[in-house]
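Down below is the structure, laid out as structure tokens.
The values are calculated or read from the model by the stated rules, or taken from the named source; none is laboratory data. Please read these numbers as outputs of a predicted model, since none were measured by experiment. A quick note on method: Cβ atoms are made from the backbone with ideal geometry, for glycine too, and the neighbour counts reach across all protein chains shown. Quick note on the areas: whole protein, heavy atoms, side chains included, nothing else; ligands and nucleic acids left out. Shrake-Rupley method; radii C 1.70, N 1.55, O 1.52, S 1.80 Å.
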Amino acid sequence: MIGTVFNLQRFSTADGPGVRTTVFMKGCSNQCAWCHNPESIRREAEIRFYPDRCIGCGRCLQVCPVGAHVSGAEAHNLDRATCTACGLCASECFAGAVEAAGTSMSVEDVLREIVKDAPYYRHSGGGVTISGGEPVLQAEFVGELLRACQYHGLHTALDTAGHYAWSLLDGLLDVVDLVLYDVKALDPDTHLRYVGNDGRLIRENLHRLGGSGHPFAVRTPVIAGVNDTEAEIGGIARIIGQYSSLTYYELLPYHALGNAKLQSLGRHAAERFAAPERHHLENLAATAESFVPDLRYSSSLARQT
Amino acid sequence: MDNLADSRRPYDEHIQALCHAKDEHTRRKLQLRGYLDIDDHGWVPWEDPIPFAVTPNHHDGRAYGIRATGENFRAWLQVHPLYIHPRSALAGAWVQFGPPAVGGWRSEDRPGHLQPEFDRYHIRNSGVGAMNHFGPDMRIGLELGWGGLLRKLRRFRALNRPSDPAFYDGEEAFVEGVQCWIQRHVGHARELAAAEANADIQDNLRHIAAMNEWLVDGAPRTFREACQFLAWFQSVDRMWHAGGALGQLDELLRPFYEADVAAGRLDDDEAVWCLASLFFNDTHYSQIGGPAADGHDVTSPVSFLILEAMHRLRIPVNMAVRLHDGLDENLLRRAVEYLFADGTGCSFACSKGLDEGFARNGYPVELARLRAKVGCNWTALPGIEYCLQDVTRQCLVTPFQLAFQDVVQLARDGYDPDMDDLWDRYCHHLGLSVEVLKQGKDWHMAHHANNTAEIVLNLFMHGTVERGLDVVCGGVDIYNLAVDGLGLATVADSLAAIEQRVCSEQRLGWTRLGDLLDHNWEGAEDVRLMMKNIPRYGTGGTRADYWALRVSEQYSNLVRGTPTPHGYRILPGLFSHGTIVAWGRDLGATPNGRREGEPISHSANPDPGFLPGGGGAPTAKSTAVAAVQPRWGNTTPVQLDIDRGLAGIIGGIESVIALLKAHNELGGTLVNINVISREQILEAHDDPAAHPDLVVRVTGYSAYFRSLSREYRQQLVDRIMAEPR
């Protein structure tokens, strides 16, 4: 079984309980305008290009089968219209100017990386988290991987945004110990504008997940001017708080790490975003806290005023 | 005795005053020295001349041997400056190494015949002539006091009636010197008290005078007196060639604490002040928590008070928590919480690897558990073992470079070499360099006491005074000498890079690589990066990880497999202190993409940015270093630099606790750790003086960041910038 993975992060502490390894799957059914992993959105392989790292060795020009690398007198350019993202240039670029975003990996390959940190999971109550992108889009691979993790006695978490047919997630629940369910916004217009769909399917799947009784946590990226309102955060908290299988609700202040990645993919952010101010985040948290059993947020990640 | 508990003192103000005084001392030290790439050492800057003239016993104008050392030490302490900070609970501080022109090695005793091989194998620290670096049992001093030590010397002199009484002559003279120095502080405290307007401070100074009047001869009776005794020990130990081991501090002080609390004459606030005053006096290495001989955890309220004193004082302190399965969870958590709050704090010595490793030498595990972490990277059996830790470095890189040159010559001669040839030549050169180090150890043991006696620590060992023998000359029963290898990642990554790029992929030949290294990669930056960008040591499961383990095992077998020619056992570790800059400066380029003159790798840590894509992960580093431990009871520390952002994440503290526990479980031996943000370290690197309070753990030791040279600061910056956010 082969999946498309774009990153494996060891000592991951933000995606579920304890010390974890997070596996980032490529391909997503949402189009979040603030995405901090923009290389995750497209399922197909992509090339990240950092011209400032180029040392002018010319190896990429030599191996590129379609002549997508153009070396002028002053600059090295990548013609993305020509590039087929075959990755040959990335494998020859030792300066790190050209990198492949997305690798085909077998379940065994991924598992081999995951089990390296098993002692740390054991001492922290941690384990493995499959994230993305939208990992459920590669449900067959993810299911096999999580099953293998459980066979090794590892705690499993699935970080998903819910925009797909419920049957896909339902088929994975028996190999997932904890679902981390992302809810970006309740307002359909806001959702449509910033995520690319009106969020109806996500809300429906949220109710199905809650109704299933399967342990889950909900996470919301909090973005100034987008969803940092009491109506949104409080509304989400009110909805999810009705389910006894909710373990916690987590507010994740926006961060801008995705901007540089986006640029390396030859794309540019249409809009700039910001984290909420600290006191505002604290107020939102106070609103949400009354509805959920455990409210989590890190105010240090908020904008300092 | 005065009873300070009856009159509440503003202890926090006292501690703040000590912190500010340390800040001022550091500023003046840097004016005098420029930078300090070592421990703070507690010395107080002093610019006035000290009226001391050595009484030599050698034509070179210096004094050697224990009698001359003791007599000169006595004379030195009769004139050594006096220091009392009025808000400290304790008196005393040292101002410079001394006595001047005493000790060192006579030219006729130096191992000139070994120097050519030392030079060939780039052995910068052979350990010959090195001092201290073993652990005293401070219970001896706390039970006897200085007067009791003097009487013990006289009793055993009378019993032994030695034909050459030099040992007793020297030691008695030294103790008399210490007593004189303490007595002079009594007078000084009274003078300061008489001139002091603040009633509380005046009271404190009078208490210091009375306390020390007793301690000139008497054994400590209270917690504060015990701290004062340790402060005097620290001061004279440090001035004598930078001794720095103290012991299991919580257990040393616990009886005094319990007695004082039971008698109602001490509260925790005062105890914290006394401890802060002790740390202000010096940064001797100590341990808290950990197993007793029977395995039960020794954590006590004093362990927590020690953490509290470190936290409130916030100056460099060299304290280790001894991590074992039975460690008090609250102590571990408190230590990690303060690590997050202060950016630095305790290191964590790992009992499983240390105890099981030491027991492999044939010692009962009950004894192994007592080998306390009392040095920068090292452990020792307090009072019963001479180990000479942390002063002998085996450069793993130079033997590799010589081996590589041999193989390149084979290629130039028309032979088609492979990795087996390179490995064989490496084993050959590594074996020769280990052999010459062993010869150096024998030379040290045969000549050291006649040159530089262990005049301070002899008093706190079991057997030295009783036998009238220096610790180096049979004064104790257990001898385990130590060697620390360094540069493991440089060698492992070089071997893996050659194997992949030269042997497997055949992208370049041996001679071409040899030429590029000879010319420091000139005009071949792409090849340098190609050699650098292989799956590197630390990733786990790579060829570089395989080579790292193989090199460690080979080095360990060579060191531990046979004793020195005179029969001394050597225990291997992998540790580089902070000196990788100096080690690398003299070395040519290496096949792992390292340029000529750049630092070599740090201890057995993977190089910064070792994971694919140039990142790092504390778990990966921890696992890698645990896997290459020589496992004979000496340490191979892992250096973790955790991004401060983790402090803001729920579960961040628990993650670090899990890291520590897992490293212990995997057989690691020591974790040195900083919690610092990239932004803070970059700002402090640009303008160190603007961050006077920033304390970092460089390797095994703790120091003000601003005190470090630019090269040392750069080491930390490189490490931290390579860590994940």
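Some values worked out for this structure:
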| quantity | calculated |
| --- | --- |
| Qualifying residue in segment B:585-599 (condition: more than 14 Å from chain A (Cβ to nearest Cβ), assigned to a helix (DSSP H, G or I) and surrounded by fewer than 20 Cβ atoms within 10 Å (Cβ to Cβ)) | yes |
| Among residues of segment A:11-48, those that are part of a strand (DSSP E or B) and among the aromatic types (Phe, Trp, Tyr), counted | 2 |
| In segment B:276-305, the residues that are surrounded by 20 or more Cβ atoms within 10 Å (Cβ to Cβ) and more than 20 Å from B:Ser351 (Cα to Cα) | B:Ala276, B:Ser277, B:Leu278, B:Phe279, B:Phe280, B:Asn281, B:Asp282, B:Thr283, B:His284, B:Val302, B:Leu305 |
| Only one of B:Glu176, B:Glu171 that is under 22 Å from B:Thr452 (Cβ atoms) and surrounded by fewer than 22 Cβ atoms within 10 Å (Cβ to Cβ) | B:Glu176 |
| Among (1) crowded, with 20+ Cβ neighbours inside 10 Å; (2) out of contact with any His (no Cβ under 7 Å at 6 or more places or on another chain), the one test that A:Cys60 misses | (2) |
| Output for segment B:102-123, where each listed residue is within 24 Å of the chain's Cα centre (by Cα) and under 14 Å from B:Asn450 (Cβ atoms) | B:Val102, B:Gly103, B:Gly104, B:Trp105 |
| Of all residues in segment B:610-649 being open to solvent by 30 Å² or more (accessible area, probe 1.4 Å) and either under 29 Å from B:Phe134 (Cβ atoms) or in contact with a strand residue (DSSP E or B) (Cβ under 7 Å, 6 or more places away or on another chain) (or both), the one that is farthest from the other protein chains (Cβ to nearest Cβ) | B:Trp632 |
| Subset of segment B:525-542 (residues that are of a type outside the set (Val, Ile, Thr), crowded, with 21+ Cβ neighbours inside 10 Å and more than 8 Å from chain A (Cβ to nearest Cβ)) | B:Arg528, B:Met531, B:Arg536, B:Tyr537, B:Gly538 |
| Entirely in segment B:326-414, the helices (runs of 4 or more DSSP H) that have 3 or more residues that are open to solvent by less than 10 Å² (accessible area, probe 1.4 Å) and farther than 29 Å from B:Leu558 by Cβ | B:329-342 |
| Cβ-Cβ under 6 Å pairs, at least 6 apart or on other chains, segment B:609-635 side more than 17 Å from B:Gly541 (Cα to Cα), far side assigned to a loop (DSSP other than H, G, I, E, B) and open to solvent by less than 10 Å² (accessible area, probe 1.4 Å) | B:Thr635/B:Asn377; B:Thr635/B:Thr669 |
| B:Arg501 free of Cβ contacts under 8 Å to residues at least 60 places away in the same chain and within 14 Å of chain A (Cβ to nearest Cβ) | yes |
| Residues of segment A:10-36 satisfying the condition of being more than 22 Å from A:Glu140 (Cα to Cα) and more than 14 Å from chain B (Cβ to nearest Cβ) | A:Gln31, A:Cys32, A:Ala33, A:Trp34, A:Cys35 |
| Residue list for segment A:57-66, filter: in a loop (DSSP other than H, G, I, E, B) and either within 14 Å of chain B (Cβ to nearest Cβ) or at pLDDT below 95 (or both) | A:Cys57, A:Gly58 |
| Selected residue [more than 16 Å from the chain's Cα centre (by Cα), more than 18 Å from A:Gly27 (Cα to Cα), of a type in the set (A, V, I, L, M) and open to solvent by less than 30 Å² (accessible area, probe 1.4 Å)] from A:Leu206, A:Leu192, A:Leu186, A:Leu169 | A:Leu206 |
| Some residue of segment B:650-672 being within 14 Å of another protein chain (Cβ to nearest Cβ), acidic (Asp, Glu) and either assigned to a loop (DSSP other than H, G, I, E, B) or farther than 22 Å from A:Tyr121 by Cβ (or both) | no |
| Test: residue in segment B:683-691 that is more than 27 Å from B:Asp37 (Cβ to Cβ) and out of contact with any Cys (no Cβ under 8 Å at 6 or more places or on another chain) | no |
| Qualifying residue in segment B:50-71 (condition: surrounded by fewer than 17 Cβ atoms within 10 Å (Cβ to Cβ), under 29 Å from B:Pro316 (Cβ atoms) and not hydroxyl-bearing (Ser, Thr, Tyr)) | yes |
| Selection count where residues are polar (S, T, N, Q) and without any contact (Cβ under 8 Å) to a residue 24 or more places away in the chain, scope segment A:92-135 | 0 |
| Residue list for segment A:244-303, filter: of a type in the set (Phe, Trp, Tyr), modelled with pLDDT of 95 or more and outside any loop (DSSP other than H, G, I, E, B) | A:Tyr248, A:Tyr249 |
| Number of the condition not met by A:Gly199 [criteria: (1) out of contact with any Gly (no Cβ under 7 Å at 6 or more places or on another chain); (2) surrounded by fewer than 21 Cβ atoms within 10 Å (Cβ to Cβ); (3) more than 19 Å from A:Glu282 (Cβ to Cβ)] | (2) |
